[in-house]
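Right, one structure below, let's go through it.
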């Protein structure tokens with residue numbers, strides 16, 4: 001699981017913003033301004049076709065047959081994204097990915113307690 005620090009949006013408790021301001025929907029409402037950690041499993045990512053939630057800086061590509069494991073960083077955080085099929089990505093690429101936020105886990109940054 002990849003862990004991305006964020007803050008619950010002060011104006012919308014159903015979304016959080018990453019350090020760079022990227023807004024992601026939350027599966028549960030949080031407390032406005034609360035510091036959280038978003039947990040995303042590798043299979044919850046998919047390649048973006050027209051817009052992206054996040055940018056993955058690729059440093060390793062593992063084709064495994066029916067899927068491809070893309071290793072890299074998002075906002076300085078280590079991420080593994082497992083995408084269906086083959087990917088043309090190669091080390092050094094910056095690619096757009098989407099996160100299935102309905103499958104996201106939300107943790108309190110201080111206590112580490114799961115909030116959903």
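The values are calculated or read from the model by the stated rules, or taken from the named source; none is laboratory data. Values in this document were obtained by computation on a predicted structure and should not be read as measured data. Here Cβ is always computed from backbone atoms with ideal geometry, including for glycine, and neighbour counts include all displayed protein chains.
Worth pointing out:
- Qualifying residue in region 95-104 (condition: in a loop (DSSP other than H, G, I, E, B), out of contact with any helix residue (DSSP H, G or I) (no Cβ under 8 Å at 6 or more places or on another chain), in contact (Cβ under 8 Å) with a residue 12 or more places away in the chain and exposed (fewer than 15 other Cβ atoms within 10 Å of the Cβ)): no
- Answer residue from region 47-69, given it is part of a strand (DSSP E or B) and under 13 Å from the mean Cα position of the chain (by Cα) and is nearest to residue 23 (Cα to Cα) among those: 54
- Subset of region 48-62 (residues that are within 14 Å of residue 87 (Cβ to Cβ) and modelled with pLDDT of 95 or more): 56, 58, 59, 60, 61, 62
- Test for residue 81: is it in contact (Cβ under 8 Å) with a residue 24 or more places away in the chain, within 14 Å of the chain's Cα centre (by Cα) and more than 18 Å from residue 1 (Cβ to Cβ): no
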